[in-house]
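Here's the structure, in structure tokens; my notes come after.
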Amino acid sequence: MKVLLIYPRYPDTFWSYRHALTFIHKKASLPPLGLLTVSSLLPGSWDKKLVDLNTGELRDEDILEADMVLISAMIVQIDSVKEVIRKVKSFGKYIIAGGPLFSSSYKDFPDVDCFVLNEGEITIPLFLKDLEKGEVKHIYRSSIKPDITKSPIPDWSLINMDHYASLPIQVSRGCPFACDFCDIIIMNGRIPRVKDARQVIAELDSIYDTGWRSSVFIVDDNFIGNRKKVKEILKAISRWMLEHNRPFCLSTEASITVADDAEIIDLLKQSNFTGVFVGIETPEEESLKSCGKFQNTGKNLKEKVKFLQRNGLEVKGGFIVGFDTDTAGTFDKMIEFIQTSGIVTAMVGLLHALPKTKLYRKLKKEGRIIGAATGNNTDSTLNFIPVLNKEVLRVGYKKILDTIYCPKNYYNRIIIFLKEYKEFAHGSGMSINTMIKAISRSIWLMGIVEKGKPYFWKMIFWTLLHKPKLIAEAITQSIYGYHYRTILLNSEK
């Protein structure tokens, strides 16, 4: 059996990092972990090929040679998904689809022959059993949450690792919190399921054995959802890092409550973690309560961020505007919080009502849903009627982006971050040769070509004078800024 696995292309967004990746000669941030895991769930005797449209093209001969085609995607990839389906069906090939996009809206894709939905550890074996009998159904679904300690190691043989900036692993699924706009708990549940420490180490070993010596991103919904088990895993990782001379820089996603646990912070440092993405959402207490983000309430969020920075963790923050409790003053408050907290990478998006979420059900009941969610909350579109005047919201959102990503404010925010940041991790996750190329291109584009070059040089000289050991970090943050500004510029054309 020859199987073609296809991962659709992401649109050019803040999250794609496409314009930043050119500095280090990479094509995509991460390979498709879902499809790599699916490959390991399929029979080993099958001939499998992966085409990631974020790193390469889908050729006619790839489709012609396949007995069947597997597609997995998230909502934000929907435009590419439709193109892939049209092309594959033009060759009359059998299509199997799964992943978050299809699990939430499979009825929108009538040309797909078979849907294998929800979590593959449960539904793929059901599909394979029927395939062997020649009795394949149209849909395979299950509400059962699998024991992920039995999940296989991803099939790294399917990718060219030189194309990617980082490699992903998953330690847990699910999140104990219940933010009303989030679909994580719809897909993966509120009880975090965690792999055991031996399994996580086996996955790190599998990456190490490929020769990879760069960054590894733990893609969990909330890495610290089960603190007790995560502490055991971190202890194992810290020992492994010492034994292997810290070959990887790690980063992950977690709730801001990570800053409340001193033991976890120490273990993150020992395990060579360099950063964490945190859903801040908004500095306004009333809005946090209105969306069920109670884990962020009653805290000095800015001080929590700075505490993490002082402990060697760069905080990338997720922010949202468009809550019913937002006012015309919300935008300036968010700008002030982002600037003074030193969150250099501040992903600010408009609120999206994702399918099946508590927010979606509420707005639908109120007759406020006006379209499908794009999955890209930074594309300036709304799929619901907001309480705040729509034009006020649009203009305010644009004001936030224009302000925080203008060169003067962006480079100043890097300085604010570096003043707090204390580096504990070993290794940059980047080869010397790649770093030299990145620095050279940065100096040319941001130090000579761009209009904001005075602010770039001010930041560089400040770093060399006050934090010379962090010059690589300063350059890295500058590269991210170039990407964000390019996205904003392209969106205005």
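The values are calculated or read from the model by the stated rules, or taken from the named source; none is laboratory data. Nothing here was measured: the structure is a model prediction, and the numbers come from that model. Cβ atoms come from the backbone with ideal geometry, glycine included; neighbour counts cover every protein chain shown.
Looking at (1) more than 30 Å from S478 (Cα to Cα); (2) surrounded by fewer than 19 Cβ atoms within 10 Å (Cβ to Cβ), find the lone condition where K27 falls short.
Failing condition for K27: (1).
Residues that are of a type outside the set (A, V, I, L, M), in a helix (DSSP H, G or I), over 26 Å from P407 (Cα atoms) and under 21 Å from the mean Cα position of the chain (by Cα): does the stretch 296-303 have at least one?
Start the filter on the stretch 296-303 by keeping residues that are of a type outside the set (A, V, I, L, M), which leaves 296-300, 302-303.
With the extra rule that they be in a helix (DSSP H, G or I), the set shrinks to 296, 302-303.
Add one more test, that the residue is over 26 Å from P407 (Cα atoms), and what stays is 296.
From the residues that got through so far, the ones that are under 21 Å from the mean Cα position of the chain (by Cα) too are 296.
Looking through the stretch 296-303, at least one residue is of a type outside the set (A, V, I, L, M), in a helix (DSSP H, G or I), over 26 Å from P407 (Cα atoms) and under 21 Å from the mean Cα position of the chain (by Cα).
Is it fair to say K437 is charged (D, E, K, R) and under 26 Å from the mean Cα position of the chain (by Cα)?
Yes, satisfied.
Would you mention how many residues in the stretch 1-39 are under 18 Å from D221 (Cα atoms) and of a type in the set (D, E)?
0
Evaluate the following for T325: is it modelled with pLDDT of 95 or more and either part of a loop (DSSP other than H, G, I, E, B) or more than 26 Å from Y482 (Cα to Cα) (or both)?
So T325 fits the description; yes.
Output the number of the condition that K228 fails; it satisfies all remaining conditions of (1) buried (at least 17 other Cβ atoms within 10 Å of the Cβ); (2) modelled with pLDDT of 95 or more; (3) assigned to a helix (DSSP H, G or I).
Against the list (1) buried (at least 17 other Cβ atoms within 10 Å of the Cβ); (2) modelled with pLDDT of 95 or more; (3) assigned to a helix (DSSP H, G or I), K228 comes up short only on (1).
Just the residues that are surrounded by fewer than 21 Cβ atoms within 10 Å (Cβ to Cβ) and either among the polar types (S, T, N, Q) or outside the structural domain of L53 (by TED's automatic domain parsing) (or both), please, taken from the stretch 88-103. Walk me through it before giving the result.
Narrowing the stretch 88-103 to residues surrounded by fewer than 21 Cβ atoms within 10 Å (Cβ to Cβ): 89-95.
Listed by number, the list holds a single entry, S90.
To keep it simple, each residue is scored yes or no on (1) assigned to a helix (DSSP H, G or I); (2) farther than 29 Å from A346 by Cβ.
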site: L30; (1), (2): no, no
site: S40; (1), (2): yes, yes
site: K49; (1), (2): no, yes
site: A97; (1), (2): no, yes
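Identify all residues within the stretch 232-281 that are over 23 Å from L30 (Cβ atoms) and assigned to a strand (DSSP E or B); write none if there are none.
Selection gives E281 alone.
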